[in-house]
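In what follows, a single structure is set out as C-alpha cells and then discussed.
The values are calculated or read from the model by the stated rules, or taken from the named source; none is laboratory data. All of these numbers come straight from a predicted model, not from anything done at the bench. Because the Cβ atoms are built from the backbone with ideal geometry, glycine has one as well, and the counts that use them run over all protein chains shown.
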Amino acid sequence: MPEQTVIEAVRATMQAEMRRDDSIILLGEDVGSRGGVFLASDGLIDEFGEDRVIDTPLAESSICGVAIGAAVNGLRPIAEIQFADFMWPAINQLVGEASKVRYGTNGVKTAPMTVRVPYGGGVRGGLYHSQSIEVLFAHTPGLSVVAPATPYDAKGLLASAIRSEDPVIVLEHKRTYRLVKGDVPDEDYTIPIGKAEIKRPGTDLTIFTYGLMLHYALQAAEMASANGIDVEVLDLRTLRPLDEDAIAESASRTGKALIVQEDTPAVSISSEVAAIIGERCFFDLDGPITRLGPPEIPPMPFSPIQEAAFMPSPEKILAAITKLAEL
Amino acid sequence: MSFQVELPHVGESVTEAVIGKWLISPGDKIEKYDPLVEVITDKVNMDVPSPATGTLTKILAEEGETVPMGAVIAEMDTGEESAPVAAPDSGTVQAASSSPSASRIGTLVQGANVGPTGGEFLDTSLSTSEPEAAPQTAASSSTSSPRQKGFSPVVTRLAAQHDIDLNSLVGTGLGGRVTKKDVMTAVEAGGSAVSSAPDANDSREDEIIDPTPIRRMIADHMVKSMSEIPHAWSAIEVDVTGMVEWRSANKESFQQQHGVRITYLPIALEVVANALRKHPRLNSRWSDGKIVLKKAVNVGVAVAASEGLVVPVVHGAADATLVELAGMLDGVVNRARSGSMTIEDVQGGTFTLNNTGSLGSVWGGAIINHPQAAILTTEAIVKRPVVITENGSDSVVVRSMMNICLSFDHRIIDGAEASEFLQSVKSGLEAISLDSDLK
C-alpha cells in the first residue's frame, strides 16, 4: 500500500475527485500556478485548467461567497483558505449564509461545498499563522466540521466532504501536513462524517482528542504503557456532529476521560465532549472529567520557549494521564 | 403489567438482608400481602409480603444472597395490559478492536518541513525539551481533587450491583480511594476483598464450615464496629452482697405479687438506665463527625439464642419501674429465644447491656453494638474475701462481688467520664440492701 504524507493524500484526493466529477472546481489564493501555499494543489492547474483551478483575489469573504453561489448553481467547489487565521472575513458567508441554504430554501437548494482550512500551531507561526478556529464553525448548525489527523483519514473525510450535499469545513492541521506519513489505499473510499475512531484501544482511561494532538496523545499513551497504564485514544475526527455514541461508549468503558486539545479550553470542543460524557456516562465515571489545553491567552506565542509552554506536549499529556490514572 | 419487587426498608440502620427462602416459585400466583419471601437481617427475620396480586415471573436474588435494602429482588406480573415501554437505545458502539493498524495511523517524519512551500516556518520539534510545566488542565479540574472518603459514581453503582461492602475494600487509589478497578477485583474474587480461598495452612482433615447467614451478619457487624469505632475499656468491682441478699429474700414474694420472675438483670438494667440519664454521652452515637445525644434510653440486652447472638431492645428503660422492666425483659427475651422477635424488638437501641456473668465470665472486653457509644457487661457474681474498713479498722470478710466492664467509643467518651459512669452504676447497685423496697 502506498505511503503518503497528509499533504500528499489531500492533493491525490482532490485530483481523483476532480477526475471523477467535472462539476468540482478549486478556488483560493495561489491555488493555481503557485500550487497552493502548502502545495496542496500542486500541478492541478496543469491537468484541469484555469476554469476549474481558479486563483482568487486576497478576499476570503469573496472566496466563500463565490463558492456558495457556484454550489447553489450546480457546481461542487472546493475553497481553500490559505491559513485559518485569515478566515474571519468569511465568517458571514459561512456561518451567516452557507449554513442556512438548505433550511432557507426549504430544501430546494443546497450548498455542496468544501472549505479546506490549514489550521493549528506548533510551527513557529506566531500570532497570525497558528490559530485554532474550529469552535466558531462547530457551534453552527448547518455546517459540518471535520479534522482528519492521518493521511488515511484526510483522504476519506475530504472525499466525503466533497461528495456531501451540504457545506463541510475540512480542518487540516498544518503541522501534520509533512509530519505524518501513513498508508493510503489507492482505491476509492470515504469515511462517514460524524464517526470517531479508536486509534488505540485501552482499559484504564480514554483520551479524547483530534488533529495534531492525536499524535501527541498516542506518544503519551505509549509512554504511559511503560508505567503499566493502559490508555485508550479516541480520535474524534469529526467535530460537528460529534460521534456521541462512540464518546459515551469509550468513556463508560474506561470510566475516566481526559480531553486533550490545542485550542484554548473555555467554551470549546472539549467543553462539549465533557458535557456529553457528563450527561451520558455519569454512573460509569471513576474520576473527574479532565481537560488539558493551553492557557487562556489570546495568541499562540512566537518565542520558541513560550510556544512550547503554550502547546500541549506528549510530556504534559503523560502527566495528566498519570494523575488521572493514579486517582 | 410487569413490575419489579424491591426489598422494603425495614428500619433504621438495617442496610442489607440475606434472602432466606422464597415461599413461592416463579409461575406461582400470589395475593397482595401474602408472604412472598423470608429475609434475614442482622436484627430480625421476617416475611416480605407481596406488594400486589399477580404472578411471580422471575427471582433475581437467590436464597442465601445478601442484598441491600431497596434492591430489586424479583419481577412480578399483574396480568394487566400496559402501554409498551420503548426499548432502551442501545446506541451504535464502535468496538475497541476495530482500531486501525499503526501504518494507517501513520508515523512521524523526523525533520519534516512544516512550513508552507517557502519553508519560512521552523519545526518545533517533538523532542524539544520543555520547561517542567504542570499540565494546564482546565480550571474546573484543578480544584476537583477527590474527597478522601468519596466514592465515584461507577464505584457506587458497581458495589450496589454486586453486593460489595465498600467499607470492606482496601482502596488502591489516591489517598486510599476505592477505585473502579478495586471493585472489579473484589467482584472477581467473589464479592469480598478478602480472599475466600482456603488458607494454605489448612490441612485436609480440617473442617471448613460455611457460616449461616446470621453468623455472617454478626461477623460483618463486628468487623464494622471494630474498624469504625476506636474502642477503649474500663472495669470496676461492685459489692453486690446487698442485691444478692435482697433477691434471695424477695424473689418468691416478688413473683407472687407482680406475676413476673425477678432476676439480677432487670435490677442491673434499672440502675444502668438511671446512670445513663446522668451521663448522656454514654447514651449517644458518633454520626458524620457529630455526637448525637439520644433522648430515649433504649437498652439492648444481649441474648444468646440458638442461632447466635441477638440483641432485643427494652424501650424507655429509664422511665420504667423495676416491675415493668422485669416484665418487658421477660417478654423480649422469650421472643428472642424462640426466634419470633418483631422489628420493634430490635430497633432503636441506644446502649447495650451484656450479662456475661450468667456464663461464669469474670472479665470481658465486649465489642460495641455499632453505632452506639458503649456497651456494659455484668460479670459473674462470686464470693470473695474482701478487706472492709469500718471505724478505722480493717477486717477481711466474705462478700458477693461482681465486675462490670465497659467498652466505650473513645471519640465520644474519655476515661474520666467512663469511670464516672461506672461509679454511678456501682453506687446504684451497692445501695441495694435487704431493706430496699424495690418494685
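Which one of these is small (Gly, Ala, Ser), in contact with a helix residue (DSSP H, G or I) (Cβ under 7 Å, 6 or more places away or on another chain) and either surrounded by fewer than 21 Cβ atoms within 10 Å (Cβ to Cβ) or farther than 26 Å from A:VAL123 by Cβ (or both): A:ALA40, A:ALA111?
Working: A:ALA40 fails: either surrounded by fewer than 21 Cβ atoms within 10 Å (Cβ to Cβ) or farther than 26 Å from A:VAL123 by Cβ (or both).
Matching residue, one of A:ALA40, A:ALA111: A:ALA111.
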### Query
Condition test on A:ASP235, is it at the interface with another protein chain (Cβ under 9 Å from one of its Cβ atoms), acidic (Asp, Glu) and crowded, with 24+ Cβ neighbours inside 10 Å?
yes
### Query
If you go through the stretch A:10-61 one residue at a time, how many are among the polar types (S, T, N, Q), under 15 Å from A:ILE162 (Cβ atoms) and more than 14 Å from chain B (Cβ to nearest Cβ)?
3
### Task
From (1) over 19 Å from A:GLN261 (Cβ atoms); (2) surrounded by 19 or more Cβ atoms within 10 Å (Cβ to Cβ), pick out the condition that doesn't hold for A:THR190.
(2)
### Message
A:LYS155 - would you say it is over 23 Å from A:SER61 (Cα atoms), surrounded by 20 or more Cβ atoms within 10 Å (Cβ to Cβ) and charged (D, E, K, R)?
### Response
yes
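So that you can scan it fast, the table gives a plain yes or no per residue for (1) more than 8 Å from chain B (Cβ to nearest Cβ); (2) closer than 23 Å to B:LEU174 by Cα; (3) under 21 Å from the mean Cα position of the chain (by Cα):
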position: A:ARG280; (1), (2), (3): yes, no, no
position: A:PRO298; (1), (2), (3): yes, no, yes
position: A:PHE302; (1), (2), (3): yes, no, no
position: A:ALA309; (1), (2), (3): no, no, no
position: A:SER313; (1), (2), (3): no, no, yes
position: A:ALA320; (1), (2), (3): no, yes, no
position: A:LYS323; (1), (2), (3): no, yes, no
position: A:LEU327; (1), (2), (3): no, yes, no
### Message
For a quick check of your reading: which strands (runs of 3 or more DSSP E) sit entirely within the stretch A:97-191 and have at least 2 residues that are more than 13 Å from the chain's Cα centre (by Cα), within 24 Å of A:ILE7 (Cβ to Cβ) and in contact (Cβ under 8 Å) with a residue 60 or more places away in the chain?
### Response
A:180-183
### Task
With respect to A:THR140, determine if the residue is under 30 Å from A:VAL72 (Cβ atoms), in contact with a Gly (Cβ under 6 Å, 6 or more places away or on another chain), surrounded by fewer than 24 Cβ atoms within 10 Å (Cβ to Cβ) and more than 12 Å from chain B (Cβ to nearest Cβ).
no
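Conditions tested, residue by residue: (1) crowded, with 16+ Cβ neighbours inside 10 Å; (2) within 22 Å of B:GLU344 (Cα to Cα); (3) free of Cβ contacts under 8 Å to residues at least 40 places away in the same chain.
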{"residue": "B:ALA17", "(1), (2), (3)": "yes, yes, no"}
{"residue": "B:GLY20", "(1), (2), (3)": "yes, yes, no"}
{"residue": "B:PRO26", "(1), (2), (3)": "no, no, yes"}
{"residue": "B:THR41", "(1), (2), (3)": "yes, yes, no"}
{"residue": "B:GLY54", "(1), (2), (3)": "yes, no, yes"}
### Task
Would you check which residues across the stretch B:332-355 are β-branched (Val, Ile, Thr) and free of Cβ contacts under 8 Å to residues at least 40 places away in the same chain and list them?
B:VAL332, B:VAL333
### Query
Going by the structure shown, is B:VAL386 in the same structural domain as B:LEU359 (by TED's automatic domain parsing), surrounded by fewer than 18 Cβ atoms within 10 Å (Cβ to Cβ) and under 19 Å from B:MET243 (Cα atoms)?
yes
### Message
Would you confirm whether or not the stretch A:214-221 contains a residue that is facing chain B (nearest Cβ under 10 Å), closer than 18 Å to A:VAL145 by Cα and modelled with pLDDT of 95 or more?
### Response
yes
### Query
Failed condition for A:GLY287, given (1) farther than 24 Å from A:PRO201 by Cβ; (2) more than 22 Å from the chain's Cα centre (by Cα), with all others met?
(1)
### Task
Answer yes or no as to whether A:VAL31 is within 17 Å of A:THR190 (Cα to Cα), among the aliphatic types (A, V, I, L, M) and out of contact with any Lys or Arg (no Cβ under 6 Å at 6 or more places or on another chain).
no
### Task
Please identify the pairs in which a residue from the stretch B:161-185 that is in a helix (DSSP H, G or I) has its Cβ atom under 6 Å from the Cβ atom of a residue that is hydroxyl-bearing (Ser, Thr, Tyr), counting only partners at least 6 apart or on another chain.
B:ASP182/B:THR172
#### Entry: Any hit, the stretch A:87-94, residues being assigned to a helix (DSSP H, G or I), away from chain B (no Cβ under 14 Å) and over 22 Å from A:LYS109 (Cα atoms)
yes
### Message
Give all pairs with beta carbons closer than 6 Å in which a residue from the stretch A:255-281 that is under 19 Å from A:GLY120 (Cα atoms) meets a residue that is at pLDDT 95 or above and of a type in the set (Asp, Glu); count only pairs at least 6 apart in sequence or on separate chains.
### Response
A:THR264/A:GLU296; A:ALA266/A:GLU296
### Task
Inspect all residues belonging to the stretch A:217-231 and state whether any of them is surrounded by fewer than 23 Cβ atoms within 10 Å (Cβ to Cβ), under 23 Å from A:PRO294 (Cβ atoms) and either without any contact (Cβ under 8 Å) to a residue 60 or more places away in the chain or among the aromatic types (Phe, Trp, Tyr) (or both).
yes
### Query
Which of (1) modelled with pLDDT of 90 or more; (2) closer than 16 Å to B:PRO266 by Cβ; (3) surrounded by 14 or more Cβ atoms within 10 Å (Cβ to Cβ); (4) not acidic (Asp, Glu) does B:ILE375 not meet, given it meets every other one?
(2)
### Message
I need the full set of residues from the stretch A:210-252 which are of a type outside the set (Gly, Ala, Ser), part of a helix (DSSP H, G or I), more than 14 Å from the chain's Cα centre (by Cα) and more than 25 Å from A:VAL95 (Cβ to Cβ), in order please.
### Response
A:TYR216, A:LEU218, A:GLN219, A:GLU222, A:MET223, A:ASP245, A:GLU249
### Task
Collect the residues in the stretch A:22-36 that are without any contact (Cβ under 8 Å) to a residue 60 or more places away in the chain and among the hydrophobic types (A, V, I, L, M, F, W, C), keeping them in residue-number order.
A:ILE25, A:LEU26, A:LEU27, A:VAL31
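Residues checked against (1) on the phi > 0 side of the Ramachandran plot; (2) surrounded by fewer than 20 Cβ atoms within 10 Å (Cβ to Cβ); (3) within 9 Å of chain B (Cβ to nearest Cβ):
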site: A:SER250; (1), (2), (3): no, no, yes
site: A:GLN261; (1), (2), (3): no, no, no
site: A:VAL267; (1), (2), (3): yes, yes, no
site: A:ALA274; (1), (2), (3): no, no, yes
## Note on the structure
By residue number, the members of the stretch A:276-298 that are under 16 Å from A:ALA319 (Cβ atoms) and either surrounded by 16 or more Cβ atoms within 10 Å (Cβ to Cβ) or outside the structural domain of A:ILE321 (by TED's automatic domain parsing) (or both) are A:GLY287, A:PRO288, A:THR290, A:ARG291, A:LEU292, A:GLY293, A:PRO294
### Query
Which one is surrounded by the most Cβ atoms within 10 Å (Cβ to Cβ) among residues in the stretch A:49-78 that are farther than 19 Å from A:MET14 by Cα and in contact with a Pro (Cβ under 6 Å, 6 or more places away or on another chain)?
A:GLU60
